[in-house]
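Read the structure below first, then the notes.
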Amino acid sequence: MQKILLIHTGGTIGMEGSEHLEPGHYASALVEQLPEYMGIARIDSAILCNLDSSDIGPKQWSELARMIADNRSKYDGFIVVHGTDTMPYTASALAFALEGLDKPVVLTGAQRPLGALRNDARRNLADSIEVATLDIPEVAICFDGLLLRGCRSCKVNTRAYHAFDSPGCEPLAKLGVDITLAKHIRRPTAPFRCRPNFNANVMVIHITPGIQLNTLKCLLSDEAALNGIVLIPFGVGTVPCLDSKIADFVAQATAKGIDVLVANAAVGKIDMPLYENSQVLLDAGAISGGEMRLEAALVKLMHACAVYKDRNERLEYLRWNVAGEME
């Protein structure tokens, strides 16, 4: 029988209250709601924390990665119960921290608590238990009948049960009457190692029409102490050049040793050589994030800045498709 470790971090699935949801009292009772699954897996539970996911960040990512690594030899799969708001960030963090992953790590949660009428919590938890017993060695999000690659996922709806999607990346599995597995499930190509380090001195800048260079210059001060910037441009990578000259800001940042990673706000691949107004970013030293979205790009840059002190190694890592985040 498969052995699964369910790790609780908090979130709506176990919250209580009607007007203002607050973290409730967690217990192994979550699993007890699904007695039929006792026949397919032995499920142990552990509590990492009991937080609203808006309070989960680099500290908890590191602790969670270590917990999974420390228990890797004891279990066949892992389920992480997590709030929905920052679930894609945590999924990305685990995808980068758990290099050479050879077992499923499934994040799940709910839009309505397990104790509420007409909730989605029961199905999501049941689906997660089942996929955690399968040969899917990736960090994934299981929600509303879909298993999505964690580092390609984003929250797309706050009021529907279909809360997550992975634009440009087909689901790893579809859970209907049958479970249909995709052909693009990744396999480990290197020995397992856990590198649970993240540098929080990284920020995201969304390019907007009329944005001014002077507005951004304060970010390059020594007091700001930035190590990295995720730049979200227009389209495939274009930025204003006529008045704003954002490329000058990028050039100043990279000259100071601040890495600038360009990620996508839309579906598709960043292609900086395509236009003159995108080539300028490449000339200024920015790095293309391929098809990475904001969540994965931010976490990957945090990870790179923490793990690689040598800049050439860091840039090589940022260009490497580590966990399927770039294509």
### Message
For region 91-106, check the following and say yes or no: at least one residue is within 18 Å of His8 (Cβ to Cβ), among the charged types (D, E, K, R) and surrounded by fewer than 24 Cβ atoms within 10 Å (Cβ to Cβ).
### Response
no
#### Entry: Qualifying positions in region 167-202 - under 19 Å from the mean Cα position of the chain (by Cα), surrounded by fewer than 18 Cβ atoms within 10 Å (Cβ to Cβ) and either without any contact (Cβ under 8 Å) to a residue 12 or more places away in the chain or part of a strand (DSSP E or B) (or both)
Arg193
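Taking region 120-135 as the search range and keeping residues that are in contact with a Pro (Cβ under 9 Å, 6 or more places away or on another chain) and of a type in the set (Gly, Ala, Ser), which one is modelled with the lowest pLDDT?
Residues of region 120-135 that are in contact with a Pro (Cβ under 9 Å, 6 or more places away or on another chain), as a first pass: 121, 131-135.
Checking the rest, the ones that are also of a type in the set (Gly, Ala, Ser) come to 121, 132.
Values: Ala121: 87, Ala132: 97.
It comes out as Ala121.
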### Selected residue (only one of Gly57, Gly39 is surrounded by fewer than 19 Cβ atoms within 10 Å (Cβ to Cβ), outside the structural domain of Arg293 (by TED's automatic domain parsing), within 16 Å of the chain's Cα centre (by Cα) and not aromatic (Phe, Trp, Tyr))
Gly57
### Task
Quickly run through region 120-148 and pick out the residues that are of a type in the set (Asp, Glu) and outside any helix (DSSP H, G or I).
Asp120, Asp135, Glu138, Asp144
### Task
Go through region 1-119 and tell me which helices (runs of 4 or more DSSP H), entirely inside it, have 3 or more residues that are at pLDDT below 95.
29-32
### Message
Given (1) β-branched (Val, Ile, Thr); (2) out of contact with any Ser or Thr (no Cβ under 6 Å at 6 or more places or on another chain); (3) more than 20 Å from Leu318 (Cβ to Cβ); (4) surrounded by 12 or more Cβ atoms within 10 Å (Cβ to Cβ), identify the lone condition not met by Ile211.
### Response
(2)
### Task
Of the conditions (1) loosely packed, with under 14 Cβ neighbours inside 10 Å; (2) free of Cβ contacts under 8 Å to residues at least 40 places away in the same chain, Leu219 clears all except one; give me its number.
(1)
### Query
Being touching a strand residue (DSSP E or B) at 6+ places or on another chain (Cβ under 7 Å) and over 30 Å from Phe249 (Cα atoms), is that true of even one residue in region 195-205?
yes
### Summary
Looking across region 216-260 at residues that are out of contact with any helix residue (DSSP H, G or I) (no Cβ under 9 Å at 6 or more places or on another chain) and of a type in the set (S, T, N, Q), the single one that is farthest from Met302 (Cα to Cα) is Ser221
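Taking Thr238 as the residue in question, decide whether it is touching a Gly at 6+ places or on another chain (Cβ under 7 Å) and either in the same structural domain as Ile185 (by TED's automatic domain parsing) or not basic (Lys, Arg) (or both).
no
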### Task
Might you check whether a residue that is surrounded by fewer than 22 Cβ atoms within 10 Å (Cβ to Cβ), among the β-branched types (Val, Ile, Thr) and not in a helix (DSSP H, G or I) occurs anywhere in region 149-162?
yes
### Query
What are the residues in region 111-137 that are more than 22 Å from Asp178 (Cα to Cα) and either buried (at least 24 other Cβ atoms within 10 Å of the Cβ) or among the hydrophobic types (A, V, I, L, M, F, W, C) (or both), if any?
Leu114, Ala116, Leu117
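The values are calculated or read from the model by the stated rules, or taken from the named source; none is laboratory data. Being a predicted model, the structure only gives us computed values, none of them experimental. All Cβ positions, glycine included, derive from the backbone under ideal geometry; neighbour counts span all protein chains shown.
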